[in-house]
Structures are given as structure tokens and as C-alpha cells.
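Notes for the one structure printed next.
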Amino acid sequence: MIELAVIALLAAAGWFLWDSLQAREAANAAIRPACRAEGLLFLDDTVALDRLRPGRDEEGRLRLARVYRFDYSDTGHDRRRGSVRMLGARVVSVDLHARAPAEEIGVRH
């Protein structure tokens, strides 16, 4: 009986990893053209998971809602923070609103 529980746990962990990688790649794929369209540079060429929680899609099905953060630049000399919201592997929104650089809001590197 314990073997079945271990197998189920491993299967769930494998599914979570696979689903997370798909969502992350979808987020990266959505940000690149969004930055290009606005004339911005997508810094570090990747996103970082900021939040993870359960959420429901339009049909009411339970999905994992993720918010990824990323950095972009408008000049190449500054760093600004953006976000992309995902529901499962589907992009819900990309936030590229210009924010003050980190130095102007009191954040030290």
C-alpha cells in the first residue's frame, strides 16, 4: 500500500514539474514579442515565479494560477520590473507598464 502512495506522489511531482515548465515557457514566449512591440529589451531572457495559487478558468475548472516577474529595460541602462499572469499554461496578462527604476524607489542592489 505504501508503494502505491509513493508512486502516486512521484507521479504528482512529475506532473507539477512538467506543468510548471510548460507555463514558464509560455510566459517567456509571450514576453519576447510584447517587449519587442514596445521597443523594450527583455533582460536575462527568462522569468521568475513570484506567486502560485489555485484558480479557476472560464469553465470553472481548477487550474494553477501563476504570476511570473521579469526585468526589462527601455534604454539598456536601467532595469524595470514587469509581470505576466498565467492560468495553467495560458497567458492571462502581460504587465509592461513603465515603473520607476529600482534606484528611484529606494531599492539598493
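Would you mind telling me the antiparallel percentage of the DSSP bridges in the chain, rounded to 5?
On the way: 23 of 23 bridges.
Looking only at bridges with both residues in the chain, the antiparallel portion is about 100 percent.
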Linear extension gain, Asp95 paired with Ser20, 0.36 nm per residue minus alpha-carbon span: 25.0 nm
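So, counting K/R as plus one and D/E as minus one, what does the shell of residues with Cβ under 15 Å around Ala48 add up to? Write out the running numbers ahead of the final one.
Working: positive: Arg24, Arg51, Arg66, Arg69, Arg79, Arg80, Arg81, Arg85; negative: Glu25, Asp44, Asp45, Asp50, Asp71, Asp95.
Local net charge: +2.
How much accessible area per residue does the chain have, in Å², with a 1.4 Å probe?
Values: 7460 Å² over 109 residues.
Normalised by residue count, the accessible surface of the chain is 68 Å².
Can you tally the net charge around Val84? Count Lys and Arg as +1, Asp and Glu as -1, for every other residue whose Cβ sits under 13 Å from the Cβ of Val84. Before the final figure, lay out the partial values.
On the way: positive: Arg24, Arg32, Arg51, Arg66, Arg69, Arg81, Arg85, Arg90; negative: Glu25, Asp50, Asp71, Asp95.
Taking every other residue near Val84 into account, the sum is +4.
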With Cα atoms, 0 to 90° folded angle of helix 2-38 axis to the chain main axis: 20
Neighbourhood charge, 9 Å Cβ-Cβ cut-off, centred on Arg63 and excluding it, Lys, Arg +1 and Asp, Glu -1: +2
Cut-off 17 Å, label 7 Å out along Cα→Cβ of Glu59, residues of the range 20-40 by amide N: none
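Longest exposed-loop-site-free stretch of the chain, with trypsin sites (Lys or Arg not before Pro), DSSP loop and at most 13 other Cβ within 10 Å?
Details: sites that count: Arg61, Arg99, Arg108.
The longest uninterrupted stretch comes out as 1-60.
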Surface accessible to a 1.4 Å probe, Glu38 within the full protein complex, Å²: 130
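The values are calculated or read from the model by the stated rules, or taken from the named source; none is laboratory data. Every value quoted in this text rests on a predicted model; they were computed, and no experiment measured them. Backbone-built Cβ (ideal geometry, glycine too); neighbour counts: all protein chains shown. All accessible areas refer to the heavy atoms of the entire protein, side chains included, with ligands and DNA or RNA removed. Shrake-Rupley method; radii C 1.70, N 1.55, O 1.52, S 1.80 Å.
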